[in-house]
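Structure record follows, encoded as structure tokens.
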Amino acid sequence: MVALEGDLVVDAVPAISKRLAAIAGPGERVEVDLSAVTDIDSAGVALLSLFLKRMDASGREVALVRVPDSVKVTLELFPFVGARVAPDVERRAVFDRVGAWAEGIADLVLHFLVVAADTSWFVVTGVFKRRGVRWHVMFYEMAQMGSKALGVVSLIAFLVGATMALQSAAQLRQFGADIFVVDLIGISMTRELGPLMAAIVVAGRSGSAVAAEIGTMMISEEIDALKTMGLHPTRFLVVPKILAITITQPLITAFADAAGILGGFLVATFYLDVGAESFIQRLQESLFLKDVVTGLIKSVIFAWLIVSVGAICGFRTRGGADAVGRSTTTSVVAGIFAVIVADALASLVFYFGD
Amino acid sequence: MRSTFEYNIIVEDLIARYGDKTVLDGVNMKVRPSEVRVILGGSGCGKSTLLKHIIGLATPAGGKVELLGVDLASADEPDKDAVLGRVGMLFQGGALLNALTIHENVALPLREKTGLPGDVIDEMVAMKLALVGLSHAHDLTPPELSGGMKKRAALARAMAMDPAVLFADEPSAGLDPITAAALDELLISLKTQFGMSLVVVTHELASVETIADRVTMLDKGHVIAEGTLEEVKATPHPMVRAFFGREGEGEEEQRSVLQAFGSDGGRA
């Protein structure tokens, strides 16, 4: 370990050169500590370069450690020396790390609240104002987030409904309780699985699209351009999407409910011999309007979460094209996570609210 | 819309930081109406940051910025809106909205910010696009345009609202000399015909010669020279010399430039 200090410049190099010359021959790893170096010029870099080469020649390991940023910039001009700068090992205490982590979370939550508040404000004020909402964009978004997701959501719900009927039939048959498959499918589809599956598919399709669109606009300065034109990015981009998904998500969910029940119905009538008539009769007895409405209310909450999480991920994009990719991924993961947490909370509320 | 202020832009002791890094350290600048101010400096010296602070996209860590008499950092929304309505910005990459056609892009501020009837807006957009030579491109989208066309379309959008102040971040970078010269001419006519203040960040010395009324030169977050182009060129600061260096300076001075760069250049 050798520590250098002060200005590593032309005038100081001869003296330092002598100090470094004392380190010679093979031996243990040498760390050159540059933390106290205030300035460096070509002569200083050359001195380090020679020292590194001499150590390399005698087979001794050597690294430049704790290099100040001002010095690092100069060293990096000369690749041979720059490559030997050891990365800063951050030795941070546990509390430091927890603090930094908490700060990051607090920042994220604050950002989320700001976007949520802005969105609510612009939705409420915008609906009553001329040119407050970009209605044509809303209709476009409804097609993007709604009708185009309908096929895949319905298909998935149909298959899940059918599978659930098949799987549960084997158990229920042991008790001669085949008919209860109707209750199972009807209630679980409308209360839980319909809204949840619709939300997960939409998070994958539309949440990511929102993040990608806003993220791309961030890095191409389009968001800045909007701001300089006095257009609030949240009003301009997020509000039409929120309004669109508020309308489409319950509709998609209703389709998912129906498709899931249809799947169950087909399995029940053709495989379990429940009989079409008794299925429908049992469904009418067991399924209450409240189940369906609960599911649809949840679907709207999920929808808001998906769009706002996507928007946050987009607005936090910094850097280049790769950053957009990361934001998109994060938006899907975080979106689905948020939906499932919200679903758990909603179950608690509806369970104890009864 | 001519402005009635003595100075359209006043920057006082502006300090800007990104994290721990101080990017601007006590910058002062005043721009009059009908003045083309060119901001010069090496890469990473804080030119774009200065622009972002003047136009309110970033909040100063210290000092004050007044744009058309309003401090954007502390102004409330309506005031801020009013000022931004009189300001245009031409971004380096154009920053056109990719989802909209060129016509819609230029019409956007007019549609969103004014109560003008649709046909008037369409006519205004056609006029602005004709001015930048893009009359044929109304229905194209930004990805269908070349870099130079994007820049011209972005300029048309920046002047859509007849701003009192127009900012341009490297307007002629990446353009061929003929288009660049035409763009410079257009910028000058904006100044003379509409009385706009222009703040232009550029590297192109040829363009500086043509358009600049006054030049502000930045280095490492400080203003190292300000004045007319001639005055700035006469400043003895080594960085200024290095910038204009190739113009037949004495051998002695050339050497001092190299020395200055050798001992300092690594830490820009």
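The values are calculated or read from the model by the stated rules, or taken from the named source; none is laboratory data. What you see is a predicted model; the values in this text were computed from it and never measured. Neighbour counts are summed over all protein chains in view; Cβ atoms, including those assigned to glycine, are modelled from backbone coordinates with ideal geometry. Quick note on the areas: whole protein, heavy atoms, side chains included, nothing else; ligands and nucleic acids left out. Shrake-Rupley method; radii C 1.70, N 1.55, O 1.52, S 1.80 Å.
Numbers below:
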| item | result |
| --- | --- |
| Options B:Leu131, B:Leu116, B:Leu108: the member that is within 30 Å of B:His203 (Cβ to Cβ), surrounded by fewer than 18 Cβ atoms within 10 Å (Cβ to Cβ) and either modelled with pLDDT under 90 or within 14 Å of chain A (Cβ to nearest Cβ) (or both) | B:Leu131 |
| Cross-chain or 6+ apart pairs with Cβ under 6 Å, segment B:145-158 first and crowded, with 21+ Cβ neighbours inside 10 Å, then of a type in the set (Val, Ile, Thr) | B:Arg152/B:Val132; B:Ala153/B:Ile102; B:Leu155/B:Val132; B:Ala156/B:Val106; B:Ala156/B:Val132; B:Arg157/B:Val106 |
| Selection count where residues are over 30 Å from A:Val292 (Cβ atoms) and more than 9 Å from the chain's Cα centre (by Cα), scope segment A:315-354 | 11 |
| Segment B:24-56 - residue that is open to solvent by 40 Å² or more (accessible area, probe 1.4 Å) and within 20 Å of A:Ala225 (Cα to Cα) and, of those, nearest to the other protein chains (Cβ to nearest Cβ) | B:Lys52 |
| Filter pass, A:Glu28 being of a type in the set (Asp, Glu) and closer than 30 Å to A:Trp304 by Cα | no |
| Subset of segment A:26-43 (residues that are touching a Ser or Thr at 6+ places or on another chain (Cβ under 7 Å) and within 14 Å of chain B (Cβ to nearest Cβ)) | A:Ile40, A:Asp41 |
| Residue satisfying all of: in segment A:83-98; in contact with a strand residue (DSSP E or B) (Cβ under 8 Å, 6 or more places away or on another chain) and in a loop (DSSP other than H, G, I, E, B); least open to solvent (accessible area, probe 1.4 Å) among these | A:Ala86 |
| A:Val10 vs. criteria out of contact with any Lys or Arg (no Cβ under 8 Å at 6 or more places or on another chain), touching a residue at least 24 places away in the same chain (Cβ under 8 Å) and open to solvent by less than 50 Å² (accessible area, probe 1.4 Å) | no |
| Test: residue in segment A:209-224 that is away from every other protein chain (no Cβ under 14 Å), assigned to a helix (DSSP H, G or I) and among the β-branched types (Val, Ile, Thr) | no |
| Criterion violated by A:Gly264 - all others in (1) open to solvent by 30 Å² or more (accessible area, probe 1.4 Å); (2) farther than 30 Å from A:Arg134 by Cα satisfied | (1) |
| In segment B:71-96, the residues that are without any contact (Cβ under 8 Å) to a residue 40 or more places away in the chain and either closer than 18 Å to B:Pro109 by Cβ or in contact with a Cys (Cβ under 6 Å, 6 or more places away or on another chain) (or both) | B:Leu72, B:Glu77, B:Pro78, B:Asp79, B:Lys80, B:Asp81, B:Ala82, B:Val83, B:Leu84 |
| Qualifying residue in segment B:86-93 (condition: of a type in the set (S, T, N, Q), open to solvent by 30 Å² or more (accessible area, probe 1.4 Å) and over 22 Å from the mean Cα position of the chain (by Cα)) | no |
| Residue that is exposed (fewer than 12 other Cβ atoms within 10 Å of the Cβ) and either assigned by TED's automatic domain parsing to the domain that holds A:Gln281 or not β-branched (Val, Ile, Thr) (or both), where the choices are A:Trp121, A:Trp101 | A:Trp101 |
| Count of segment B:67-87 residues which are under 20 Å from B:Ile121 (Cα atoms) and more than 8 Å from chain A (Cβ to nearest Cβ) | 2 |
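For (1) crowded, with 19+ Cβ neighbours inside 10 Å; (2) of a type in the set (Gly, Ala, Ser), each residue gets a yes or a no:
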| site | (1), (2) |
| --- | --- |
| A:Glu222 | yes, no |
| A:Gly230 | yes, yes |
| A:Gly260 | yes, yes |
| A:Thr269 | no, no |
| A:Glu277 | no, no |
| A:Lys298 | yes, no |
| A:Ser308 | yes, yes |
| A:Gly314 | yes, yes |
| A:Ala323 | no, yes |
